[in-house]
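K.L.:
Below you'll find the structure I mean.
The values are calculated or read from the model by the stated rules, or taken from the named source; none is laboratory data. Given the structure is predicted, the values throughout are model-derived calculations rather than measurements.
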Amino acid sequence: MRENELKHFETILKDRKTQILKNITSVKNEIEQLHGLELNDEGDHASVSNENLVDNAIGSQQQLELMEIETALAKINNGQYGICEMCEEEIGFQRLKVKPHAKYCIDCREIAEKNNS
């Protein structure tokens, strides 16, 4: 991969990391606000509980993506970015455009997903 392509993906990854950190902070603040509410009936409790579940699910997904981004940034620094973790072939440029923190090429991603099902 050329240097300008690496810089392009590094910028995208860092921008996404910044956005995720903002999202996680926002979710944490919302959860703290929900815990501080005075709830009057079972409907209020159910509503807050559902919102809390959704916020936690979003937060968990964002944490996972953040870890994948951190790994991708480390790979940029050590010269391993864009290499499939399974077959060690280059990950296609188009795949990286769609998912800059991809760990696998298209073929290996399908294998990994089948193994996780």
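K.L.:
Looking at segment 83-96, can you tell me whether even one residue there is under 15 Å from the mean Cα position of the chain (by Cα) and modelled with pLDDT of 95 or more?
P.N.:
Looking for residues that are under 15 Å from the mean Cα position of the chain (by Cα) and modelled with pLDDT of 95 or more, one finds at least one in segment 83-96, hence yes.
K.L.:
Go through segment 75-117 and give me each residue that's in a helix (DSSP H, G or I) and of a type in the set (Val, Ile, Thr).
P.N.:
Within segment 75-117, ILE76, VAL98, ILE106, ILE111 meet the criteria.
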